[in-house]
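Derivation of every value follows stated rules applied to the coordinates shown; laboratory data play no part. Computed from a prediction, not measured in an experiment: that's the story for all the values here. Here Cβ is always computed from backbone atoms with ideal geometry, including for glycine, and neighbour counts include all displayed protein chains.
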């Protein structure tokens, strides 16, 4: 296999969670462009269908499964339908996530719990289900979507989100040490910096532009830049990489 060929996802089957909007759509389309057949899941049926149609038009097999990743039974069903329709699971991108920006003294328990349920528990439940399937076919690659906010702050009151993303980093490290030798499953995480998405649309107007003073690159990230890093971690190009956190942040964590 040539170096360039090692980045290809030809013949691979990838599950992308949270694929109804924003970065999830970019991951789904980008992985299909790299050669993968794709299973996409999210809670919003209509938007998920839009993503499915776009990938189908690219000439790849694709299935769409309505699911809430905070429900373990939904996670099992996503994997089961992927295997039934596409034959196997080689890659999981744990992209589904939500964010809140609520002062800690006013954040309701259910608000905090919902963020943890989706961002952390959902990543774990999906990894469990996909890991079982990957273990039966010789291994695979799991890419968790963390955040730079697992390692720093964003000048907003985001205790729930930051806690969930810090936990995803720990989850990545532990699953990597459990599964590499026993199941040949690599588990890594991306740490996106400031990217425009449906999630960041809820932040105060002009917030992202104001935060650029923290980014040596001097600009927000483009979705394709994050997708390329994800393809690296999902592909054979990173065959000796596991348990890693790869910041895609324009240098934010260097400051």
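The figures follow:
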read-out	value
Whether region 122-255 is rounded, prolate or oblate, judged on the alpha carbon gyration tensor where a/c under 1.5 counts as rounded	prolate
Linear extension gain, residue 50 paired with residue 73, 0.36 nm per residue minus alpha-carbon span	5.8 nm
Relative packing of 240-246, 145-151, which averages over residues the other C-beta atoms within 10 Å, highest first	145-151, 240-246
Compactness of the chain, expressed as Rg and Dmax over alpha-carbon positions, Å	17.2, 55
Acute angle (nearest 10 degrees) that the helix 72-86 long axis makes with the longest principal axis of the chain, alpha-carbon atoms	40 degrees
Segments 223-235, 15-27 sorted - mean Cβ within 10 Å per residue, highest first	15-27, 223-235
Centre separation in Å (Cα based) which lies between region 88-103 and region 1-75	13 Å
Taking the chain and dividing mean pair separation by its residue count, relative contact order in percent (alpha carbons under 8 Å, at least six apart)	19 percent
Distance histogram for region 165-227 (every C-alpha pair counted, 10 angstrom bins, percent rounded to whole numbers)	18, 35, 28, 16, 4
Full-extension gain in nm, residue 153 to residue 128, via 0.36 nm per residue minus C-alpha separation	6.1 nm
Full-extension gain in nm, residue 240 to residue 104, via 0.36 nm per residue minus C-alpha separation	44.9 nm
Estimated [θ] at 222 nm from DSSP helical runs (n ≥ 4, -39500 (n - 2.57)) normalised by residues in the chain, nearest 500	-13000 deg cm²/dmol
Residue exposure sequence - 68, 37 - by fewest surrounding Cβ within 10 Å	68, 37
